[in-house]
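Colleague: Questions regarding the structure given below will be posed in turn.
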Amino acid sequence: MAVAEQTDTEAVATPAARRKRSFRPRYPAWLTAPSLLYYAVFFLGPMALLVAFSLATQRGFGSLSYGFDISQYRLIGNSLYTTIFARTLVMASIGSLLTIAVGYPLAYWMARYLTTYKMLALLLVVVPFWTSFLIRTYALKIILDPNGYLAKYAGINILYTKYAVAVGLVYNYLPLFILPTFASLERMDWTLIEAATDLGARPLTAFRQITLRLTLPGVITGALLVFIPMTGEYIIPGILSGGKYEFVGNVIGDQFNEAQNPPFGSALSIALMGALSVFVIIYIFFATREEQFGA
Amino acid sequence: MPKRLSAKQGFTAWALVVFAFLYLPILVMAIFAFNKPSATSVAAFHGANICDIPPTQVGNITVWNGFTSCWFSAGLHDPTYIPAIVTSLQIAAVAAIIATVLGLGAALALARMKPRFRAPFDAVVYLTLVVPEIVIAVASLIFFVQARNYFHAFPALGKSTILLAQVVFNASVAMLIIRARFVGMGDTLEEAAYDLGSGPLATFRQVTLPRLMPAIVAAALLSFTFSFDDYVIPAFVNGTTNTWPIVLYSAVRFGLTPAVNALATIMLTITVLAVIVTAIVLRRSRVQVTPGQEKAPGLDAAIGLR
């Protein structure tokens, strides 16, 4: 749109327009104090306590003694739990790949072919993301219900299976993937494609060698952006698998709701974050590359 | 006569399929808000109002049984749902205000701080965004229970603990949105104000704050939506308090009537309007960028991507 183009040219003009100045108004550092204090008490505090709990020993019902007891972590090695960890990571990977397969062509279409309706399409992508996650999962459950039309007339009876969970993951996280992918496609210089085809490249070759290469960092960023929360997913398996195909998040929740085993739940939480940290590091790597590369 | 589709037509067709996938379930849910209970359950029911039929006897409501609009009034008078919605609204309003104030202060100071000092703060902010919500929820539960054990002045599990736990994530998102806008604005106008003899406080009030307003409003609206829709944190730190997502989740798992569809439809409508307002506000903030400065935050900033 006109607006987007205008800001693009402004961004190009930035270095030239900026001159050296001694003036740098700064706001006092104490303005960070309230939020710093807040994070320290209500985020870092609970996190530290979580670590302490994971190393504590459960003594009967509801009482525990702090220490350095790694038996809870050993318990995770049990095949019952390694299965759930593996399932969570596999499902999140499948969900992310499906999201790419569904979302990339849409983002491509928006960036390449839309002009007047680009903002409208963008809004259509954003609206589902901001409407309640829970309501959307419920809406999906209605459609997939074994007594509903899809099951009766199309033979698609997948509610309470892993397929429903996969559909739910794609359905809920699609907008989150499309937005950054669209942003990186939007920065693409389409004249490069024109030049390549003028020089005799077939459209598919031009796409593979130019578009895909230039937008890959954006795609990876977007994929990890959905993969990371998918691994911590709680609502989708809870509703769409009816408790039959649980993720690590559900098992963590059970330790606090039903099993009353907070130390084990804490150890599972730490293990989940450990598994995730690898992907977070990859995400940060690509996100910073994307930033240097783009704009 | 079959003709080969051009690439553009192919992509357009795919886009229509994807938008149908995104919107069809929501649309069906909204349509089923007007659905009658199944014929057999209506026949077996002796009351005057068929929307008084309880969830256990409503029959199959995932197929169309006929039109009624009585679920809307049934939903709006429901003794469980309505108080829960009011609770959620209260928590979300306070959470939005606290998160925006915290985020604003941090954004102002951090934006022009040396990277060396800023980095640790940023690390914590990103950590609050990537730690799975379920982990934050159970960690907060442990923390609040312990805090209550040791300090009796600390609030028991309930509205205030939901609020305290939710503000962590919301403050981070608010800070990122406001900071993106603040960095994007540049400091030329502030410099001009200083040159013309305006003091720091007057400059902030008359120059910086009005230009930050779109981002502040957007941050508050988004924080509100987040908090209102959040299920996972309240599910663990609620004590005996019911929020709307909590009653919705248990209804979805253990049985409901189309009254839930009716309430969800009302709320969807409100959310959609809020999103459109936010988009318009953000777009306005985009247009107002001073020439020669960095890009203003777009919709990507709106969802906390930057």
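Colleague: Hey, which of the helices (runs of 4 or more DSSP H) in region A:73-148, taking only ones fully inside, have at least 2 residues that are in contact (Cβ under 8 Å) with a residue 60 or more places away in the chain, within 7 Å of chain B (Cβ to nearest Cβ) and not hydrophobic (A, V, I, L, M, F, W, C)? First the steps, then the outcome.
Modeller: On the way: elements: A:79-113, A:118-130, A:133-144.
In region A:73-148, the matching helices (runs of 4 or more DSSP H) lie at A:133-144.
Colleague: Looking at (1) more than 11 Å from chain A (Cβ to nearest Cβ); (2) not in a helix (DSSP H, G or I), find the lone condition where B:L256 falls short.
Modeller: (1)
Colleague: Here is a further query. Collect the residues in region B:76-111 that are facing chain A (nearest Cβ under 9 Å) and in contact (Cβ under 8 Å) with a residue 40 or more places away in the chain, keeping them in residue-number order.
Modeller: Correct list: B:I98, B:L102, B:G103, B:L104, B:A106, B:A107, B:L108, B:L110, B:A111.
Colleague: Could you tell me whether region A:58-71 includes any residue that is assigned to a helix (DSSP H, G or I) and over 28 Å from the mean Cα position of the chain (by Cα)? Spell out how you get there, then give the answer.
Modeller: Quick first cut of region A:58-71, residues assigned to a helix (DSSP H, G or I) only: A:71.
Those left that are additionally over 28 Å from the mean Cα position of the chain (by Cα): A:71.
For region A:58-71, residues assigned to a helix (DSSP H, G or I) and over 28 Å from the mean Cα position of the chain (by Cα): present.
Colleague: Right, something else. Considering A:A259, A:A275, A:A267, which residue is of a type in the set (A, V, I, L, M), surrounded by fewer than 20 Cβ atoms within 10 Å (Cβ to Cβ), assigned by TED's automatic domain parsing to the domain that holds A:G168 and in contact (Cβ under 8 Å) with a residue 60 or more places away in the chain?
Modeller: A:A275
Colleague: While we're looking at this one, here's another question. Can you name every residue in region A:204-219 that is loosely packed, with under 12 Cβ neighbours inside 10 Å and closer than 22 Å to B:S6 by Cβ? Before the answer, list the steps.
Modeller: Keep residues of region A:204-219 that are loosely packed, with under 12 Cβ neighbours inside 10 Å, which gives A:204, A:213.
Within region A:204-219, just A:L204 meets the criteria.
Colleague: So, one more: When you check A:E291 against the structure, is it touching a Lys or Arg at 6+ places or on another chain (Cβ under 9 Å), assigned to a loop (DSSP other than H, G, I, E, B) and either modelled with pLDDT of 85 or more or within 30 Å of A:A107 (Cβ to Cβ) (or both), yes or no? Break it down into steps so the answer makes sense when it comes.
Modeller: Details: touching a Lys or Arg at 6+ places or on another chain (Cβ under 9 Å): yes; assigned to a loop (DSSP other than H, G, I, E, B): no; either modelled with pLDDT of 85 or more or within 30 Å of A:A107 (Cβ to Cβ) (or both): yes.
In short, no.
Colleague: Please determine, by comparing only the residues of region A:206-249 that are of a type in the set (S, T, N, Q) and within 14 Å of chain B (Cβ to nearest Cβ), which one is nearest to A:M273 (Cα to Cα). If you could, list the steps in order and put the result at the bottom.
Modeller: Step one: of region A:206-249, the residues of a type in the set (S, T, N, Q) are A:209, A:211, A:215, A:221, A:231, A:241.
This time we only want the ones that are within 14 Å of chain B (Cβ to nearest Cβ), so: A:211, A:221, A:231, A:241.
Working: A:T211: 34, A:T221: 19, A:T231: 10, A:S241: 23 Å.
Ranking the qualifying residues of region A:206-249, first place goes to A:T231.
Colleague: Could you please give the count of residues in region A:166-192 that are away from chain B (no Cβ under 11 Å) and polar (S, T, N, Q)?
Modeller: Number satisfying all stated conditions: 1.
The values are calculated or read from the model by the stated rules, or taken from the named source; none is laboratory data. Treat the numbers as computed from the prediction; the structure is a model and nothing was measured. When we count neighbours, we look across all protein chains shown, and the Cβ atoms used for this are built from the backbone with ideal geometry, even at glycine.
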